[in-house]
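Reviewing the structure listed below.
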Amino acid sequence: MTIRETFERELQRLQDEMLVLGSMVGKAITDAVDVLKRRDMEGSRQLIAQDRLINEKRFRIEEEALVLIATQQPMAGDLRVIAAVLDIAHELERIGDYAKGIAKINLMIGDQPLVKPLVDVPRMADKSRSMLERALDAFVRRDVELARAIPAEDDEVDVLYDQIYRELITYILADPGCIEGANYLLWVAHNLERAADRVTNICERVVFTVTGEMLELDGKSSGL
Amino acid sequence: MSDQGRPPKIRIENVSYSYDGKLALRNVTLDIPARAITVLFGPAGGGKTTLLRLINRLNDLIEGTQMSGRVLLDGEDIYAPGTDLVELRRRVGMVFALPLPLPGTVRENVLYGPKLAGVRDRTRLDEILYRSLQQAALWDEVKDRLDDPASTLSGGQQQRLCIARSLALEPEVLLLDEPTSGLDPISTGKVEESLFNLKRNYTIVIVPHSIQQAARVADVAAFMLMGELVECGPGSALFVRPRDRRTEDYITGRFG
């Protein structure tokens, strides 16, 4: 096997590891909302513990990327892939933190009932996860068109967030006693909104990997 | 680059060159900016050294060669009839891959050129000695050994001595052909360090000994392949996002 082939294998492995991290994080997002919906305290505690695995995976990816840089002095397309992996691994870890945040909120709500049934929140979670999975797919396939298209969907997440916000305000106005419970759910929605924003950053990295262009892929934002 | 927008120090214009009918350079056009490091890199046999040597007419004496196009130094064609070759080579210095100190002391090596050019004044010669060795980042290491034989210096020191010897003639352009190919990483670092200091005052054109060196030192990088200039641009851009597939393939080690 030539040096180039060995390098390519290592580079491929690095990207595979990143995809594994991506699927761990995507699952964490929908699981966190699922256990909240089921009020499953044990499930939340498990998710919080699993976040440590996400962090460890991210550090391992980072370390392997640095070893590749130090030992292979990659340039051009190779360098951009490694830079993108470093950045995307960071974004993924932060999305994992949002999932952990949601799991924590479930514990904080404790045995109090939810102020309202969860309808839009699971939709936000599904949407964010789907965006994340397709963003990583765009990375694997070096698909710039797909990467440019996904951030527009962030607007849908923002619309859901606005909707949840307004709805929770009406609950608070009707009964100030539910301020705390409404606030918890608003945090949950906010975490999901942030997760989708980070998917946009991942899409920007995909464009950079393929074209070398640093491009801001801003859909219009919710203003919140 | 500080000199962006100004006319280039050197302009290579549609230059083709052949040895015995074999084309070594094919219609190369390249602007070399003043006070910056321009790197010519690419696989062996690409025409880098040929191009470098054309800039101070070192290929003139090789038989059976043919050249077309122009090489302009400050807008003047250096191949125009009546060009003073001694003056040209004073203005455009050359440092080769293997350090070739002259027999004699460190001092004699540096002052050989100026003395030949008629400088006699002791104070002036001392000034030249100090300035040249300083600029080549060698002064601190040899200031107490100025009258030792140059051959007692290490390889890296000898190469910087050769750079100092070129600088003693107060050139405007310094051409370097793989100046660190025989040096260890520490000495290589020191030579690169001296180039970094020199670019404030000189125009530097270098054929690097590796792609990594090209990436480290290039303000402007020009990729040459089989006698052709494939791509040229700021080093900071070319090694991150080359425009041409062939450049990408070469710098990522897919061929060459």
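The values are calculated or read from the model by the stated rules, or taken from the named source; none is laboratory data. Because the structure is predicted, anything quoted here is derived from the model rather than measured. Don't worry about glycine lacking a Cβ; one is built from the backbone with ideal geometry, like all the others, and counts go over all protein chains shown. Just the protein is used for accessible areas: all its heavy atoms, side chains included, with ligands, DNA and RNA removed. Shrake-Rupley method; radii C 1.70, N 1.55, O 1.52, S 1.80 Å.
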Pairing a residue in region A:197-219 that is away from chain B (no Cβ under 14 Å) with any residue that is modelled with pLDDT under 95 and outside any helix (DSSP H, G or I), where Cβ atoms lie under 7 Å and the two sit 6 or more apart in sequence or on different chains, gives A:Thr200/A:Leu217; A:Cys203/A:Leu217; A:Glu204/A:Leu215; A:Glu204/A:Glu216; A:Glu204/A:Leu217
Checking B:Ile78 against (1) in contact with a helix residue (DSSP H, G or I) (Cβ under 7 Å, 6 or more places away or on another chain); (2) touching a residue at least 60 places away in the same chain (Cβ under 8 Å); (3) of a type in the set (Val, Ile, Thr), only one condition comes out false. Which one? (2)
Taking region A:1-20 and keeping only residues that are assigned to a helix (DSSP H, G or I) and among the hydroxyl-bearing types (Ser, Thr, Tyr), one is left with A:Thr6
When (1) at pLDDT 95 or above; (2) exposed (fewer than 14 other Cβ atoms within 10 Å of the Cβ) are applied to A:Met24, the one that fails is (2)
Restrict the check to region B:200-210 and report whether at least one residue is of a type in the set (D, E, K, R), touching a residue at least 60 places away in the same chain (Cβ under 8 Å), surrounded by fewer than 20 Cβ atoms within 10 Å (Cβ to Cβ) and under 22 Å from B:Val110 (Cα atoms). yes
Is it the case that some residue within region A:165-175 is of a type in the set (Val, Ile, Thr), touching a residue at least 60 places away in the same chain (Cβ under 8 Å), surrounded by fewer than 20 Cβ atoms within 10 Å (Cβ to Cβ) and in a helix (DSSP H, G or I)? no
Looking only at region B:125-139, and only at residues there that are at pLDDT below 95 and polar (S, T, N, Q), the one that is surrounded by the most Cβ atoms within 10 Å (Cβ to Cβ): B:Gln135
Matching residues in region B:142-157 (closer than 25 Å to B:Tyr202 by Cα and at pLDDT below 95) number 3
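To keep it simple, each residue is scored yes or no on (1) closer than 30 Å to B:Ala237 by Cα; (2) touching a helix residue (DSSP H, G or I) at 6+ places or on another chain (Cβ under 6 Å); (3) more than 14 Å from chain B (Cβ to nearest Cβ); (4) crowded, with 16+ Cβ neighbours inside 10 Å.
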position: A:Glu17; (1), (2), (3), (4): yes, yes, yes, yes
position: A:Ala32; (1), (2), (3), (4): no, yes, yes, yes
position: A:Met41; (1), (2), (3), (4): no, no, yes, no
position: A:Phe59; (1), (2), (3), (4): yes, no, yes, no
position: A:Arg80; (1), (2), (3), (4): yes, yes, no, yes
position: A:Leu92; (1), (2), (3), (4): yes, yes, yes, yes
position: A:Met108; (1), (2), (3), (4): no, no, yes, no
position: A:Lys116; (1), (2), (3), (4): no, no, yes, yes
Say whether the condition of being more than 16 Å from the chain's Cα centre (by Cα), over 21 Å from A:Ser128 (Cα atoms) and part of a helix (DSSP H, G or I) is met by at least one residue in region A:21-40. no
Please work out which one of (1) farther than 22 Å from B:Thr203 by Cβ; (2) at pLDDT below 95 is the condition B:Asn27 fails and give its number. (2)
If B:Leu169 satisfies every condition in (1) of a type outside the set (Lys, Arg); (2) more than 25 Å from B:Ile32 (Cβ to Cβ); (3) outside any helix (DSSP H, G or I) but one, which is the exception? (2)
Scan region A:67-78 and give yes if some residue there is open to solvent by less than 20 Å² (accessible area, probe 1.4 Å) and more than 14 Å from chain B (Cβ to nearest Cβ), otherwise no. no
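Results for (1) open to solvent by 10 Å² or more (accessible area, probe 1.4 Å); (2) in contact with a strand residue (DSSP E or B) (Cβ under 8 Å, 6 or more places away or on another chain); (3) closer than 26 Å to B:Ala214 by Cβ, shown as yes or no for each residue.
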site: B:Glu141; (1), (2), (3): yes, no, no
site: B:Asp148; (1), (2), (3): yes, yes, no
site: B:Arg160; (1), (2), (3): no, no, yes
site: B:Arg165; (1), (2), (3): yes, no, yes
site: B:Leu174; (1), (2), (3): no, yes, yes
site: B:Thr180; (1), (2), (3): no, no, yes
site: B:Leu183; (1), (2), (3): yes, no, yes
site: B:Ser187; (1), (2), (3): yes, no, yes
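Of everything in region A:43-57, what is among the small types (Gly, Ala, Ser) and either surrounded by 15 or more Cβ atoms within 10 Å (Cβ to Cβ) or closer than 20 Å to A:Cys203 by Cα (or both)? Give them in sequence order. Reasoning before the result, please.
Of region A:43-57, the ones among the small types (Gly, Ala, Ser) are A:43-44, A:49.
Result: A:Gly43, A:Ser44.
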